[in-house]
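Take a look at the structure set out below.
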Amino acid sequence: MLERVWVVVALVAIVAAALAALPTTVMRIQRIVADHPPEGDYVTRFVDRLQPVREALLQRQLMRVGYLPRMAVRSSPMQMRGGAHFLWTRYALAPILLRPTWRESFVLADLRFEDDPAATMPDQLTVEKNFGDGLLLLRRRKPSALSIE
Amino acid sequence: MRTAALLTLLVPAAVTLLPLSATLRTAQSSAPRLLCLALAIGLGLGLGSCAHVIALALFDGTWAGLGAVDAAIGLVLVGVWWLARRSGRPMTMPRHRWSALDVGLALACLLAAAGFFGLFETVVYRTPHGGIDAIASWTWKAPFLAAGGTRWRLPFGDFSRHRDYPLLLSAGIARAWRYMGGSDQAVPISIAFLFLIATAALLFGALHALRGRTVGLLGALCLLGTPGFAWHAGSLLADGVLSYFMLASLVLLAYWQRAQSGWRVGLVADETARASAQSVAVVPPAKGSAALAWAGLAAGLAAWTKREGLLFFGTLVGVYVAGSLRSRSRLRAAGWFAIGAAVPLALLRWQHQTLATRRFTGGRSLLEVRAAVTDPSRYADIASAYWGLLLGSPSRWLLLALPAFVLLMGGTADTDARAAARRAGAVVALLAVMQAAIFLTTPAPLVWHLSTALDRLLFQLWPSAIFALFLWTASPDERWSDADA
C-alpha cells in the first residue's frame, strides 16, 4: 500500500512541477507581446530600412563594402565590428560583405544620428548615392580595383 | 510562405525516412514510427546541409553541382532502403492499451505543449530575426552560402568573427533559400520549429519504444514543462539543433545496446504491458549495426552544428569505447559508428583546414589559463550563476521534482535500459563538468559570459538528461506490479 502511495506522490510531484511553469510562461508571452509591437521589432525595421541599399549594391555587383559608422565608434575596427549597429547592418546587407573599415573602394555610411553628417565624412570619400535617412553610399576618391569583382 | 519553407525542408526528411524505417524496423506501433519520423526530420535536414556544403566546395554551388550531390546522397539513401527492405522481414510491435494514467499524462502534455509552443510562436512572431548570435553568425552566413559562386567564401574572411563555427544551420537555411529562390525569414523559423517538435517527438518516441508509453509521456512532459527551451529555439540559435543531435545519438546508441541483447521489442518490463501486448518480435542482431551507423551520423552532425558538438562527439566516443574495451565485437562495431560520422566530420575538418583555423582557448596563454583555474573568485562566480539559474528559472520546481521522482521510483529492473542510461548519464555529466571548465578558463569577462551562455549550454544537455533519467528510473507500472507481488 505504502509503495502505491509513493508512486502516486512521485507522479503528482512531477506533473505539478512540469505544469508549474505555465503561469510564468503566460506572463512571459504577455511581456514579449507588450515589448515588441506587431508592426515589427527593431531589427525588422532596421533590415527594411537597408533594403534599398542592399538592392542597389547587388545591382552594382559589389562583393563587399566598407562601413562608416557614427563618429563615436570610429576609433577602433574591433569596437566597430562588435557593435549591434554594425552586426545588424552586416546582416541586412548579406550577401554583400560589410567590413568594419572605410578603407574600401565603396563605403556605406550610416549618419542618421549625427548632428552634422557632412562634418563627420572623411576627406578621402565622396558621396556616390544618397539613400536618405542618413544612409549614404560613398566612393573612395582613388578607388582600389579589389572591391569590384 | 511558411508552408513552402516547410515543404522544401521536409523533402530530405522524407528521403531519409525510407532507409531509417527499413533499418530500424518500423512496425505497427505508433511509437517507433514516431521515433523514425523524429529522427528523419533532424538527420534529413543535417544531410541536406552536408549536401549543400559539398556542392559549394566542389562546384561553387552551381545548380548542376547541387543536383549531382543531392542525387548522389539520395541514391545512397534509397540504396540502403532497398537493401534493408529486401533482406528484412516485417516486424510487429506490442500494442498497449491507454491506461487512465496515460490519458491523464497526455492531457498534461497537451496543456504544457500549449504554453511551450505558444511561447515559441510568440518569440518568432515578434522577433523574427532571432537573437544576436543568429544575426551575427547563423542566419547571417546563409545568404552567402545560398548565393554560391565566389560570394560563398566571403563570410570566412579576415574580419569575420565566428568563421570557424560549423555550418549545419547556416547551410541548412541556405539550401532551402536556394531551392525557394528567395531569402524568406520563414526558413530559419521553420527549421527551428522542426527541430523543436522533433526533439519532443524523439524524446517521447524513444522512451516509449525503450520503456513504454507512460515513461515516454513523463519524459515529454518534463521537456514541454521547460518553456526556456522553447524560448531559446525561438531565438533561432544553434543550441536547440545541437540538443536534438545529442539526444538522437544517445537514443540510437541505447537502441543499438538493446539490439545487441536481442531485445524484445516494446522493451517493457512491466507485466501489465506484457500481458496486453498483441505480439512480440525479436530484432535480428545485424540490425544493431544500422542503429550504430545512424548514431554515428547523429553524433557527427552534432559536431557539424556547434563547437560544443565536437566536445560531445569526443565524450560520447570516450564513454562508449571505455565501456567496450573488453568486448572485441563492440570495438568492431565502432566501425559502423565511424562510417556514419565520416561525412560530417570530414566536412568539419575541411572547413577548419580551408576556410578557418580553430581557436579553442581564444588566444589565452597557459599562464593565463593557470591563473584563471587557481582563482577562487571564479569558482564562486560560477557557483553563484548555477545557483541563480536553478532558483530563478521558471522550471525550478521541475529541477527539484526530478531527483525526488527518481529517488521515490528507484531504478528499473530492465538491466539493458539501466546500462544504456548509465552511459547516457555519464556523457551528460561529463559534458556538464566540461562546460563549467569552459567558464573557468574563458577569456571573455566571466560574469558576462555566464549571463549570456550558461542557460543555453545547459539547455543543450536538457533533453539528453531527461532521456537518461527516465531510461534508468522504474516505470509506475513496474512499481505497482512490485507492490502487487
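Derivation of every value follows stated rules applied to the coordinates shown; laboratory data play no part. The shown structure was predicted, so the numbers you read here are calculated from the model rather than taken from an experiment. Using ideal geometry, Cβ is built from the backbone for each residue, glycine included, and neighbour counts are taken over all protein chains shown.
General remarks:
- Inter-part distance where region B:405-430 and region B:445-485 are each reduced to a Cα centre, Å: 11 Å
- Just checking the listed ones, A:Ala109, A:Ala34, A:Ala92: in the Gaussian network model of chain A with Cα springs under 10 Å, the one fluctuating most is A:Ala34.
- Label-point separation in nm, B:Trp98 to B:Ala114, each point 7 Å along Cα→Cβ: 1.7 nm
- Look at the stretch B:416-427: the mean tally of other chain Cβ atoms within 10 Å of its residues' Cβ atoms is 0.
- Packing order of peptides B:225-236, B:297-308, highest average first: B:297-308, B:225-236 (average count of other Cβ atoms within 10 Å over each peptide's residues).
- Placing one equal scatterer on every Cα of the protein assembly as shown and applying the Debye formula, the log10 ratio I(q)/I(0) at q = 0.09, 0.10 Å⁻¹ is -0.76, -0.93.
- Over chain B: helical MRE at 222 nm, DSSP H runs n ≥ 4 each giving -39500 (n - 2.57), nearest 500: -24500 deg cm²/dmol
- Magnitude of the charge dipole, the protein assembly as shown, Cβ model with Lys/Arg +1 and Asp/Glu -1, debye to 20: 1580 debye
- Label-point separation, A:Arg45 to B:Trp387 (7 Å along Cα→Cβ), nm: 4.2 nm
- Debye log10 I(q)/I(0) for chain A, one point scatterer per Cα, at q = 0.13 Å⁻¹: -0.65
- When peptides B:177-189, B:34-46 are sorted by average Cβ neighbour count within 10 Å, with the highest value leading, the order is B:34-46, B:177-189.
- Dipole of the protein assembly as shown computed with +1 at Lys/Arg Cβ and -1 at Asp/Glu Cβ about the Cα centre; of A:Ala56, B:Gly318, B:His129, farthest Cα towards the positive end is B:Gly318.
- Sites B:Thr415 and B:Asp482 - FRET efficiency at Förster radius 22 Å, r taken between beta-carbons, to 0.05: 0.90
- Per DSSP, loop chymotrypsin sites (Phe, Trp or Tyr not before Pro) in region A:84-134 with at most 16 further Cβ within 10 Å: A:Phe113
- For the peptides A:44-57, B:336-349, B:207-220, the ranking by packing is B:207-220, B:336-349, A:44-57, with the highest mean count of neighbouring Cβ atoms within 10 Å listed first.
- Backbone geometry of region B:441-453 corresponds, through the Karplus equation with coefficients 6.51, -1.76 and 1.60 at θ = phi - 60°, to 3J(HN,Hα) couplings of 10, 4, x, 6, x, 4, 5, 5, 4, 5, 6, 9, 10 Hz, x marking Gly and Pro.
- Cα-based equivalent ellipsoid of chain B: semi-axis lengths in Å, sorted from largest, via gyration tensor: 34, 28, 22
- Chain A: most fluctuating residue of A:Pro69, A:Pro122, A:Pro38 per GNM, C-alpha cutoff 10 Å: A:Pro38
- Computed from the C-beta positions of A:Glu128 and B:Ala64, the FRET efficiency with R₀ = 25 Å rounds to 0.10.
- Take each residue in A:40-53, count the other chain C-beta atoms within 10 Å of its C-beta, and the mean is 2.
- Per residue of chain A, the DSSP helices (runs of n ≥ 4 H) give a summed -39500 (n - 2.57) that works out to -14000 deg cm²/dmol at 222 nm.
- For A:Val12 and A:Val33, a Förster radius of 30 Å and the Cβ-Cβ distance give a FRET efficiency of 0.40, rounded to the nearest 0.05.
- Its convex hull of Cα atoms gives region B:363-485 a direction-averaged projected area, equal to a quarter of the hull surface, of 9.3 nm².
- Counted as membrane-span-like here are DSSP H helices of chain A whose alpha-carbon atoms extend 18 Å or more along the helix's own axis and whose Kyte-Doolittle mean is 1.0 or above; these are A:2-19.
- Dipole magnitude of chain B, debye to nearest 20 (Cβ charges: Lys/Arg +1, Asp/Glu -1, about Cα centre): 1120 debye
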